[in-house]
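See below for the structure under consideration.
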Amino acid sequence: MNDKIKETKSTENKQTKVKEIKKDIKKTEIEKKEQPVVTEKIEEKATKKKQIVSVKKNIDKDSTDDNNNIEKIENEKTKTIFVNQDMYLSSGIYIGMSRKLKIMSPFIYKIRSDGLCIFDLKKIEERIGLLIKWLSQYKPNEILAVSRKKNGHKAVSMLGKATEIKTVYGRFMPGMLSNPGYKEYFEPKILIACDPYGDKQAIEEAYKIKIPVVCLCDTYNFPRLVDFVIPLNNKGRKSIALFFYILAKELLKENKTINGDAEFKYTPEDFEMDIEDKL
């Protein structure tokens, strides 16, 4: 009797175990079926994310292209004098900063959709034209051009090479204009600076000896002690190079040293700071 009860219990236990094993097998099969669905959903989300990123990139690119195209179309209304319009646009000479000071507002044409201020190209050329007429009244050795910022070193140096104007790039030593006892003392009649803050030592000394100061100023620059502002992008190496290229070329033409653009043997690239030199 006891043996039969034991056999019955043993059989029941086996059946229970079989049922549990079947349940586990069924559960595993269900999980395997569901796994591809989950994987597909993850892959689908990743694909959608990539598509969104791609669309955003295209929108940003289109927005930038649109800005450039709009500027080109709008600037076509302005006939340029010193170089062709494409040269101005590729140099970025007209692109200011998102930050602007009220004193620089008269030179700003508009604010772009990305927040950057755009200088009025016509006013840039007007100012350059007035400067050329003004500088033509001086001898080259009476003019001093300076640049503390590295992006202006080669441009200022090339201005001196092309026109024999006195140049100082890099650190401007105190006393160069104000201390007659200093070994490199110099007495210019006008100063051209690349930045009102970077070249403040030269500007302050020029102010002390009462000579006029011309300075390149961006939208956020405060032209302290500056007599004549040239409104343009004074950060970019291409922009600074183009300004000094125009200045050298047009000054030589104004002084009858050359008869036209064809006789000027330099290019804007010759005035441009090399990227390797910047590092």
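The values are calculated or read from the model by the stated rules, or taken from the named source; none is laboratory data. Quantities reported herein were computed from a predicted structural model and do not represent experimental measurements. Ideal geometry is used to build each Cβ from the backbone, glycine not excepted, and the neighbour counts take in all protein chains shown. Keep in mind that these areas ignore ligands, DNA and RNA; they rest on the heavy atoms of the full protein, side chains included. Shrake-Rupley method; radii C 1.70, N 1.55, O 1.52, S 1.80 Å.
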Self-check item: Solvent exposure of segment 113-253 as accessible area per residue, Å², 1.4 Å probe
Solution: 41 Å²
Self-check item: Global form of segment 196-239, assessed from the alpha-carbon gyration tensor, a/c cut-off 1.5
Solution: prolate
Quiz prompt | Ranking by accessible area, most exposed first, for Ile95, Ile128 with a 1.4 Å probe | solution = Ile95, Ile128
Exercise. Give the long-range amide H neighbours of Thr167: residues separated by 5 or more places, or on another chain, with amide H under 5 Å away, using H modelled in the peptide plane at 1.01 Å from N.
Key: Ala145
Exercise. Note down the nm distance, to one decimal, between modelled labels 7 Å out along Cα→Cβ at Met173 and at Phe228.
Key: 2.9 nm
Practice problem: Can you sort Phe271, Phe82 by 1.4 Å-probe accessible area, starting with the largest? | Solution: Phe82, Phe271
Exercise. Keeping the other protein chains in place, figure out the carbon and sulfur percent of the accessible area of segment 121-167, with a 1.4 Å probe.
Key: 45 percent
Practice problem: Would you tell me the accessible area of Arg148, worked out with a 1.4 angstrom probe on the heavy atoms of the protein chains, in Å² to the nearest 10? | Solution: 130 Å²
Practice problem: Rounded, prolate or oblate: pick one for segment 162-279, where a ≥ b ≥ c are the square roots of the eigenvalues of its C-alpha gyration tensor, a/c under 1.5 means rounded, and failing that, prolate if a/b is larger than b/c, else oblate. | Solution: prolate
Quiz item: Ordering Ile118, Ile275 by how much accessible area each has at a 1.4 Å probe, largest first, what is the list?
Solution: Ile275, Ile118
Exercise. Would you work out if segment 225-279 is rounded, prolate or oblate? Take a ≥ b ≥ c from the square roots of the eigenvalues of the alpha-carbon gyration tensor; rounded if a/c is under 1.5, else prolate when a/b is larger than b/c, oblate otherwise.
Key: oblate
Practice problem: May I ask you to evaluate 6.51 cos²θ - 1.76 cosθ + 1.60, the Karplus curve with θ = phi - 60°, for each residue of segment 238-254 and list the ³J(HN,Hα) values in order in whole Hz, giving x for glycine and proline? | Solution: 5, 5, 4, 4, 5, 4, 6, 4, 4, 4, 5, 4, 6, 5, 5, 5, 5
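At a Förster distance of 35 Å, what's the computed FRET efficiency of Tyr185 paired with Ser113, Cβ-Cβ distance as r, to 0.05?
The computed FRET efficiency comes out at 0.10.
Do any of Lys166/Lys200; Lys100/Lys139; Lys102/Lys265; Lys110/Lys166; Lys161/Lys189 go past 28 Å between their Cα atoms, and which?
The answer is Lys100/Lys139; Lys102/Lys265; Lys110/Lys166.
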Quiz item: At a Förster distance of 25 Å, what's the computed FRET efficiency of Thr267 paired with Lys133, Cβ-Cβ distance as r, to 0.05?
Solution: 0.55
Exercise. Please work out how much accessible surface Cys117 shows to a 1.4 Å probe, ignoring ligands, DNA and RNA, in Å² rounded to 10.
Key: 0 Å²
